[in-house]
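Nothing in this text is a laboratory measurement; each read-out follows from the coordinates by a stated rule. As the structure is a computational prediction, the values presented were derived from the model and not from experiment. Glycine also receives a Cβ, built like all others from the backbone with ideal geometry; neighbour counts cover every protein chain displayed.
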Amino acid sequence: MSHRQQRQHNPFGDRGDKPGDSRESFQVDRDRVLYSSAFRRLAQITQVLTAQEGHVFHNRLTHSLKVAQVARRLAERLIREQPKVAKAVGGIDPDVVEAAALAHDLGHPPFGHVAEEELNTCATQAGLSDGFEGNAQSFRILTRLAIHRVDYYGLNLTRATLNAVLKYPWSRSPDPTSKRHYKYSFYNLDREAFEFARSKPNDSQTIEASIMDFADDITYSVHDLEDFYLAGLIPLELLATDSDELDRFISQWLREFPDNSVAKVVKANPHRFQNFLNATYNLKGQYPPGSFEQKAQIKRISSQLIQTYIHSVKLTTKYGDRGYLKYNRNREEELKFLQRIVWSYVISNPRLATQRYGQKRIIKTLFDIYLQAICDRDLSFIPARFVREFLEIENLCNADIISQEQTRMAVDIIAGLSEAEAIIQYRRLTGISQGSFFDSWNQY
């Protein structure tokens, strides 16, 4: 068994994986993530807009499946074209990359980023210095919360796959001016699992993590834009033809992020990006909105864009902005431009403000209720799957660790709800609706 194939828990001793299992170790990892209930939950987690909006938007499950597909194809291409470099930078296995891509969004709470921010506020105010972060929650699910065997917590994945999930391989920085204060991949309570995954601590992504990270950028850049363009929420034609609209778009971008290098490039070269939109989306040959021809055209364009971006990177032994991936600067700027279009016209749309207010209220109310129940030892409120862990926490000797674990459990309960479950529990616990005796949920 290689170092990369080692697991933190070894129920079968030095033999490694289960005797008689014909799968390779990394294939086992991929399958464990795919079959986990934590993965299935993503079908009811918002990507940008909820499924109740009347259009078939991507959710976190469909997004993760597409990230996995793109990541695997990119990994296979790099191995095929640069096998020696792939080996020199630590090795690439398509199953590891796919498993990490399937797992990368497991930690997203109900309602997406607005809940992530609210849970972070709640956790921090309750005494957890490392608050809440979706990437760190994903690592916690894989190593502690997901249920696979009674012998241990988590999915017991290999070192290689756990490393590939570590997009930001560090804990939270106490410095609020640092990027590492907002983006990090593990909580202090999960340090032991992190140290197992990363036996030689450093701040670098593995090449497999970089491939997963880049595939994530490609996927949400292309597919989110596809969703909202077809829904009529993104005026690509205006951006491509109306200089005033593009200038307004750039000015807003720079007001929010005055030092953003891509925004400055777009401002200095507006015609380049208008030509990119026209050439890419064939806007001059526009079909009627919603027509068969328009949808077929967008599907073709999305496929072409993904292939373009997959072929825009290659391996390098010099670590840089995208780890050991060397990217084409023009293609990178296009990706950031597409991402900003979605942010500007959809994510930051004031029409979402009232939804977000209500979603934040749900998260805060549930957190307060569950934390109080945990502190009061009211087991009738604690989901059954957490009772075993709750009792183990009570047997710890360090009062500070007990308090941290209890607060973290309240976070885990909320973060593990689907959006439908969060709404049902909120209505039931606040008396808005009595609910049904048969209401239940099975987290992770």
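Any chance you could run the full-extension gain for Thr430 through Trp343? It's 0.36 nm times the residue separation minus the Cα-Cα distance, nm to one decimal.
Fully extending the segment from Thr430 to Trp343 adds 28.0 nm.
Could you size up the charge dipole of the chain around its Cα centre, putting +1 on the beta carbon of Lys and Arg and -1 on that of Asp and Glu, and report it in debye to the nearest 20? Mind dumping the intermediate values first?
Numbers: 57 positive and 55 negative charges, 214 e Å.
Computed about the Cα centre, the dipole is about 1020 debye.
Taking amide H positions as placed 1.01 Å from N in the peptide plane, with prolines and chain starts having none, which residues 5 or more places from Leu315, or on another chain, fall under 5 Å of its amide H?
Amide H to amide H, under 5 Å and 5 or more residues apart or across chains, Leu315 pairs with Lys326.
Using only Cα atoms, find the angle between the long axis of helix 60-81 and the longest principal axis of the chain, and express it within 0 to 90 degrees, rounded to the nearest 10.
Tilt of helix 60-81: around 70 degrees.
When a footprinting reagent is the concern and you count Cβ atoms within 10 Å, what order do Met212, Met1 take, fewest first?
Met1, Met212
List the equivalent ellipsoid semi-axes of segment 133-181 in whole Å, largest first, each obtained as the square root of 5λ for an eigenvalue λ of the Cα gyration tensor.
Semi-axis lengths for segment 133-181 are 25, 12, 7 Å.
In a Debye calculation with equal point scatterers on the alpha-carbon sites of segment 353-429 and no solvent, what is log10 I(q)/I(0) at q = 0.13, 0.22, 0.26 Å⁻¹?
The Debye formula, applied to the Cα set alone, gives -0.41, -0.98, -1.27.
Which of Ser251, Ser312 has the fewest other C-beta atoms within 10 Å, and how do the rest follow up to the most?
Ranking Ser251, Ser312 by Cβ neighbours within 10 Å, fewest first, gives Ser251, Ser312.
Express in % the proportion of alpha carbon pairs of segment 274-411 at distances exceeding 22 Å.
66 percent
My understanding is that a pair violates if its Cα-Cα distance is over 22 Å; which of Lys66/Lys295; Lys66/Lys167; Lys18/Lys87; Lys87/Lys326; Lys87/Lys167 do that in this structure?
From the list (Lys66/Lys295; Lys66/Lys167; Lys18/Lys87; Lys87/Lys326; Lys87/Lys167), the Cα-Cα distance tops 22 Å for Lys18/Lys87.
So what's the angle, to the nearest 10 degrees on a 0 to 90 scale, between helix 353-375 and the longest Cα principal axis of the chain?
That works out to roughly 10 degrees.
Given the peptides 116-122, 131-137, 359-365, arrange them by the average over their residues of other C-beta atoms within 10 Å, most packed first.
Working: 116-122: 20.9, 131-137: 24.0, 359-365: 19.3.
Answer by packing, highest mean first, reads 131-137, 116-122, 359-365.
Placing +1 at every Lys and Arg Cβ and -1 at every Asp and Glu Cβ, with all other atoms neutral, what dipole size does segment 282-427 have around its Cα centre, in debye to the nearest 20?
Magnitude of the dipole: close to 1200 debye.
Could you pull out every one of the aspartates and glutamates with an alpha carbon less than 13 Å from that of Lys364, ignoring same-chain neighbours closer than 8 positions?
Glu116, Glu117, Glu118
Restricted to Cα positions, what overall size does segment 343-386 have along the principal axes? Three whole-Å values, descending.
Here the Cα extents, ordered largest to smallest, are 45, 18, 12 Å.
Quick one: dipole size for segment 353-429, taken about the Cα centre, charges +1 on Lys/Arg Cβ and -1 on Asp/Glu Cβ, in debye to the nearest 20. Spell out each step's value before the answer.
Values: 10 positive and 11 negative charges, 101 e Å.
With only Lys, Arg, Asp and Glu charged at Cβ, the dipole is about 480 debye.
Using all Cα-Cα distances in the chain, what percent lands in each 10 angstrom bin from 0 up to the longest?
4, 19, 29, 26, 15, 5, 1, 0
Would you calculate the separation in nanometres between label points at Glu245 and Ser303, each defined as 7 Å from the Cα along the Cα-to-beta-carbon direction?
2.8 nm
Count charges around Tyr168 for me, please; just the other residues with Cβ under 10 Å from its Cβ, Lys/Arg as +1, Asp/Glu as -1.
+2
Please list, in order, the residues from segment 185-205 whose amide nitrogen is less than 20 Å from a point placed 7 Å along the Cα→Cβ vector of His3.
Only 192-205 fall inside the zone, counting backbone N under 20 Å.
For His311, His148, His63, His271, what's the fewest-to-most ordering of other Cβ within 10 Å of each Cβ?
Numbers: His311 13, His148 16, His63 23, His271 9.
Ordered by Cβ neighbours within 10 Å, fewest first: His271, His311, His148, His63.
Using only Cα atoms, tell me the angle between helix 113-125 and the longest principal axis of the chain; keep it within 0 to 90° and round to the nearest 10.
Helix 113-125 and the main axis of the chain meet at about 40 degrees.
Pairs of alpha-carbon atoms within less than 8 angstrom and 6+ residues apart define the contacts here; what relative contact order does segment 3-197 have, in percent?
22 percent
In percent, how large is the relative contact order of the chain, given Cα pairs closer than 8 Å and 6 or more residues apart?
Once normalised by length, the contact order is 19 percent.
Take His113 and Leu396, extend 7 Å from each Cα along the Cα→Cβ direction, and tell me the distance between the two endpoints in nm.
Between His113 and Leu396, the simple spin-label model gives 3.2 nm.
Give the average over all directions of the projected area of the C-alpha convex hull of segment 207-352, one decimal, in nm². Kindly include the intermediate steps, with their values, before the conclusion.
On the way: hull surface 37.4 nm².
Averaged projected hull area, Cα only: 9.3 nm².
For Gln205, what is the net charge nearby, where nearby means another residue's Cβ is under 10 Å from its Cβ and Lys, Arg count +1, Asp, Glu -1?
On the way: positive: Lys167, Arg322; negative: Asp203, Glu208, Asp213.
Net local charge, Gln205 excluded: -1.
Relative contact order of segment 207-352: what whole-number percent is it, with Cα pairs under 8 angstrom and at least 6 residues apart?
Across segment 207-352, relative contact order equals 37 percent.
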